[in-house]
Amino acid sequence: MPEITDEDRERVELLRLVSSSKHEFKNLTLEQLKRLQELVEKKDYSHDKKAHKSKVKLLGKINVRIYEITEGRGIWG
């Protein structure tokens, strides 16, 4: 069984914040979003097709939110 690293714990904690509510995603800071992006990109889900698909989808949402924050507005409003 692989050892659980501090990065794994940090990634899981950030993912818990995001998944606890659909609005929690908007409460993350830019730094938290960038860190989550980095941690998710590092994790290899190639062995699990569904997990890999979820990873790609989550990275897309993170990118959109980072864009919204850096541009100072939402894309749709």
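The values are calculated or read from the model by the stated rules, or taken from the named source; none is laboratory data. Here the structure is a predicted model, which means the values were calculated and not measured. In this analysis, Cβ positions are derived from the backbone assuming ideal geometry, glycine residues included, and neighbour counts consider all displayed protein chains.
Worth a mention:
- In region 12-28, the residues that are among the basic types (Lys, Arg), part of a helix (DSSP H, G or I) and within 17 Å of residue 60 (Cβ to Cβ): 26
- Just one of the numbered conditions (1) surrounded by 10 or more Cβ atoms within 10 Å (Cβ to Cβ); (2) assigned to a helix (DSSP H, G or I) is not true of residue 31: (1).
- Of all residues making up region 10-28, the number that are modelled with pLDDT under 85 and more than 10 Å from the chain's Cα centre (by Cα): 7
- Qualifying residue in region 1-19 (condition: exposed (fewer than 11 other Cβ atoms within 10 Å of the Cβ) and among the small types (Gly, Ala, Ser)): no
- Residue identified as charged (D, E, K, R), loosely packed, with under 12 Cβ neighbours inside 10 Å and touching a residue at least 24 places away in the same chain (Cβ under 8 Å) among 49, 42: 42
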